Amino acid sequence: MLSMLAALQAPVILMSQNRQAARDRLAAGHDYEVNLKAEFEIMGLHEKLDRIRSQHLEELLRAQQEQLGLLTQLTRANGKAGSGPGI
């Protein structure tokens, strides 16, 4: 009786395991797709951050060049003012 029960249960257990394996493969495929999309999103965010940093650095460089120009003008003006007759 037990061997007959085992003979009936074995195919059912194997089919159940096969179905579970198929579900696991499907879930793994979905996980892979989600991870791949997330990776592309992260790459896009990195590119945006790089562009923002580049623009910010260009603005800082322009401001620094402008300040350097103003400082040069002040230095020249101060040098001309200081080169007059002494007291």
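The values are calculated or read from the model by the stated rules, or taken from the named source; none is laboratory data. Keep in mind that what you see is a predicted model, and the values were worked out from it rather than measured. Please note: Cβ atoms are built from the backbone with ideal geometry, for glycine as well, and neighbour counts cover all protein chains shown. Please note that ligands, DNA and RNA were not included when accessible areas were found on the heavy atoms of the full protein model with its side chains. Shrake-Rupley method; radii C 1.70, N 1.55, O 1.52, S 1.80 Å.
Under the simplified labelling scheme, the ARG51-LEU36 pair shows an inter-label distance of 2.5 nm, with each label point 7 Å from Cα along Cα→Cβ. Charges on Cβ only, +1 for Lys and Arg, -1 for Asp and Glu, centred on the Cα centroid of the range 4-87; of GLY79, GLN55, ALA7, which one is farthest towards the dipole's positive end? Of the options given, the answer is GLY79. Note on the chain: with charges restricted to the Cβ of Lys and Arg (+1) and Asp and Glu (-1), its dipole about the Cα centre is near 180 debye. Give me the percent of accessible area attributable to carbon and sulfur for the chain, probe 1.4 angstrom. With neighbouring chains kept in place, the figure for the chain is 63 percent. If you take all other residues with their beta carbon under 14 Å from the beta carbon of ALA27, and give Lys and Arg +1 and Asp and Glu -1, the sum is 0.
Computed from Cα positions, the angle between helix 2-82 and the longest principal axis of the chain comes to roughly 0 degrees.
Take the chain with all the other protein chains still there, run a 1.4 Å probe, and you get 96 Å² of accessible area per residue.
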